[in-house]
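Reading through the structure tokens given below for one structure.
The values are calculated or read from the model by the stated rules, or taken from the named source; none is laboratory data. What you see is a predicted model; the values in this text were computed from it and never measured. Because the Cβ atoms are built from the backbone with ideal geometry, glycine has one as well, and the counts that use them run over all protein chains shown.
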Ligand code: SF4
Ligand code: SF4
């Protein structure tokens with residue numbers, strides 16, 4: 001029987017369909033969240049079900065910021081538990097999961113069975129999250145691949161602001177002084193990676209490190225993060241789906257009972 | 001709320017402000033106090049009514065930020081904001097304010113407060129040993145002299161002893177209620193505990209307060225564990241003070257499915273630990289006991305760990321949550337040692353939450369708390 005995990009984040013809504021017993025992926029979908037998280041979740045689930053050959057999942061677990069707005073969810077789970085379960089399923093040697101989402105970043109220490117042992121999240125502010133990159137992408141008018149391309153070649157400019165709002169002013173100031181956009185992009189990438197490193201330093205490093213979330217799609221960023229952490233980093237083929245996959249795995253666990 | 005005695009308590013304490021104003025009109029003096037280190041007994045022995053002034057509301061913070069740095073702890077800003085906008089009836093009723101030099105933010109704020117209210121600042125030592133206790137006794141003796149002069153009264157040893165006997169009874173009564181939560185499942189929610197302690201701290205009539213608390217303890221002790229509640233994870237909350245208005249973390253923990261069974265802070269359970277020996281010289285006893293309070297301004301702060309261990313055992317908790325107000329350096333730094341202690345010595349899961357009084361991070365806090373509870377499951 002198919003089961004589903006739906007992850008409605010601040011930027012994108014993701015869904016994954018799994019076979020409840022074999023845990024083989026049957027279908028998946030990613031759509032922009034837009035302003036209506038409920039509709040986005042419904043559409044992502046419908047698209048993933050279609051991708052799986054028009055199946056009707058018998059159990060749906062929901063996660064992400066929009067998790068409570070989905071009336072069709074049989075179970076609601078936080079993204080912390082889901083990213084942990086997803087990452088350990090994809091890379092069984094995982095001991096630490098790093099996730100950079102649209103609004104927050106987290107470091108999760110996991111057990112071999114995919115459950116959470118400890119976790120840390122960034123406080124209140126958006127520094128060091130995907131939101132920070134959105135600001136940059138707006139100012140430079142480049143998308144994530146283009147930013148990554150630029151950052152890989154730039155000489156990191158110093159960005160001192162911790163806050164996304166102040167950083168915006170700072171970035172505009174740097175550009176006005178003639179600092180090349182590639183250097184600014186490299187500077188922002190470096191500052192996000194360093195914030196992540198300092199968050200990670202508060203959790204004991206053991207096992208392998210797995211990096212999930214949309215930002216993991218940028219090869220430039222994950223190289224930088226691995227260099228900053230000083231350890232290799234696993235990245236799943238579709239890192240933005242790790243949360244939805246984790247939700248689907250938890251759905252399978254519950255539905256099998 | 002299912003208990004009749006609790007409802008009665010709420011109805012009576014709804015009238016706290018009125019009762020205080022009536023007492024004042026009848027000639028009683030009022031002493032406002034900010035911190036648990038300020039002794040209730042000296043104000044009582046002076047014939048005055050001590051009331052709590054600790055700032056717990058978000059809406060007085062904006063005006064405070066017109067003078068104080070934004071990065072300061074919300075408790076300090078909230079307390080000062082009430083003075084600036086003259087919106088706290090208890091502060092307005094206070095003839096004099098007793099404050100303690102505890103953390104840096106507070107003691108500098110009290111310097112500014114002096115322009116709005118007469119402030120007696122007690123110089124709190126930040127270590128707990130004999131020299132410090134002797135010095136602290138000197139500060140208390142100074143307070144005795146000051147209140148005698150301000151209120152034209154004399155504070156005898158007998159009056160101090162009477163006050164000690166009265167607060168001992170009050171604290172035993174409060175402990176009787178708070179200890180009901182040791183039962184599994186606990187008949188009281190964390191919000192009940194918080195609201196009860198908060199309301200009691202403004203009650204002018206101590207005898208009435210004791211009688212009401214005794215009624216609550218009696219009614220709930222005799223009530224069979226009526227509703228067959230499913231057992232929720234039992235949380236020991238430790239850290240900074242909380243009251244109505246700064247209750248959001250207690251509320252979030254409970255809406256996410258936990259039960260806060262004990263609140264180890266100076267607005268709740270720390271109060272009931274202040275049991276005085278009635279046979280000793282009252283000023284020395286007061287100085288010793290108050291100084292032993294395990295606030296993070298003490299360095300070192302060994303009693304914090306002893307108390308945590310005892311409370312975790314007595315209340316049979318499943319996890320410890322440490323609450324820190326943003327900008328509070330002492331609790332924030334100490335959280336590292338508390339985490340180590342809770343995980344390694346008590347073998348319990350631990351979560352620190354750093355936040356302020358506003359609602360802006362509710363969603364993020366929910367994720368954090370829910371994930372923590374999922375971890376316990
Ligand atoms: S936490 Fe410490 S400084 Fe703050 S009110 Fe309590 S005893 Fe006073
Ligand atoms: S919470 Fe911390 S910073 Fe705030 S008043 Fe208490 S000790 Fe001071």
Self-check item: segment B:292-307, subset touching a helix residue (DSSP H, G or I) at 6+ places or on another chain (Cβ under 7 Å) and away from ligand 2 (no atom under 16 Å from the Cβ), residue farthest from the other protein chains (Cβ to nearest Cβ)
Solution: B:292
Exercise. Could you list, in sequence order, all residues of segment A:73-84 that are touching a helix residue (DSSP H, G or I) at 6+ places or on another chain (Cβ under 7 Å) and surrounded by fewer than 18 Cβ atoms within 10 Å (Cβ to Cβ)?
Key: A:75, A:76
Practice problem: Considering (1) away from chain B (no Cβ under 12 Å); (2) in contact with a strand residue (DSSP E or B) (Cβ under 8 Å, 6 or more places away or on another chain), say which one residue A:34 fails and leave the rest. | Solution: (2)
Exercise. Evaluate segment B:105-113: report whether one residue or more is in a helix (DSSP H, G or I), more than 16 Å from ligand 2 (Cβ to nearest atom) and surrounded by fewer than 17 Cβ atoms within 10 Å (Cβ to Cβ).
Key: no
Self-check item: Members of segment B:1-37 found to be on the phi > 0 side of the Ramachandran plot and touching a strand residue (DSSP E or B) at 6+ places or on another chain (Cβ under 8 Å), listed by number
Solution: none
Quiz item: Within the set of pairs 6+ apart or on separate chains, which have a first residue in segment B:69-88 that is more than 16 Å from ligand 1 (Cβ to nearest atom), a second that is outside any helix (DSSP H, G or I), and C-beta atoms under 6 Å apart?
Solution: B:71/B:327; B:83/B:116
Exercise. Can you give me the number of residues within segment B:57-82 that are out of contact with any strand residue (DSSP E or B) (no Cβ under 8 Å at 6 or more places or on another chain) and crowded, with 18+ Cβ neighbours inside 10 Å?
Key: 14
Quiz prompt | Test: residue in segment A:57-70 that is surrounded by 22 or more Cβ atoms within 10 Å (Cβ to Cβ), within 14 Å of chain B (Cβ to nearest Cβ), within 20 Å of the chain's Cα centre (by Cα) and closer than 20 Å to residue A:21 by Cα | solution = yes
Quiz prompt | Subset tally (residues that are within 11 Å of chain B (Cβ to nearest Cβ), part of a strand (DSSP E or B) and modelled with pLDDT under 95) for segment A:103-115 | solution = 1
Quiz item: Which of the residues that make up segment B:36-50 are within 14 Å of ligand 1 (Cβ to nearest atom) and either buried (at least 24 other Cβ atoms within 10 Å of the Cβ) or at pLDDT below 95 (or both)?
Solution: B:38, B:39, B:40
Quiz item: What number of residues in segment A:63-89 are free of Cβ contacts under 8 Å to residues at least 60 places away in the same chain and not in a helix (DSSP H, G or I)?
Solution: 6
Quiz item: Conditions: (1) farther than 24 Å from residue B:152 by Cα; (2) touching a residue at least 60 places away in the same chain (Cβ under 8 Å); (3) not in a helix (DSSP H, G or I). Residue B:47 meets all but one. Number of the miss?
Solution: (1)
Self-check item: Matching residues, segment B:338-367, being within 16 Å of ligand 1 (Cβ to nearest atom) and either within 16 Å of residue A:118 (Cα to Cα) or more than 9 Å from chain A (Cβ to nearest Cβ) (or both)
Solution: B:338, B:352, B:353, B:357
Quiz item: Can you find a residue in segment B:196-204 that is away from ligand 1 (no atom under 16 Å from the Cβ), assigned by TED's automatic domain parsing to the domain that holds residue B:346, surrounded by fewer than 18 Cβ atoms within 10 Å (Cβ to Cβ) and closer than 29 Å to residue B:369 by Cβ?
Solution: no
Quiz prompt | Selection count where residues are in a strand (DSSP E or B) and either more than 16 Å from ligand 2 (Cβ to nearest atom) or within 14 Å of chain A (Cβ to nearest Cβ) (or both), scope segment B:261-280 | solution = 2
Exercise. Give the number of residues within segment B:234-257 that are buried (at least 20 other Cβ atoms within 10 Å of the Cβ), away from ligand 2 (no atom under 16 Å from the Cβ) and away from every other protein chain (no Cβ under 14 Å).
Key: 4
Quiz prompt | Pair list, Cβ under 7 Å, 6 or more apart: segment B:89-113 residue more than 14 Å from every other protein chain (Cβ to nearest Cβ) and in contact (Cβ under 8 Å) with a residue 60 or more places away in the chain, other residue near ligand 2 (Cβ under 10 Å from one of its atoms) and outside any loop (DSSP other than H, G, I, E, B) | solution = B:103/B:330; B:105/B:76; B:106/B:76
Quiz prompt | Check on residue A:27, surrounded by fewer than 22 Cβ atoms within 10 Å (Cβ to Cβ), under 20 Å from the mean Cα position of the chain (by Cα) and modelled with pLDDT of 95 or more | solution = yes
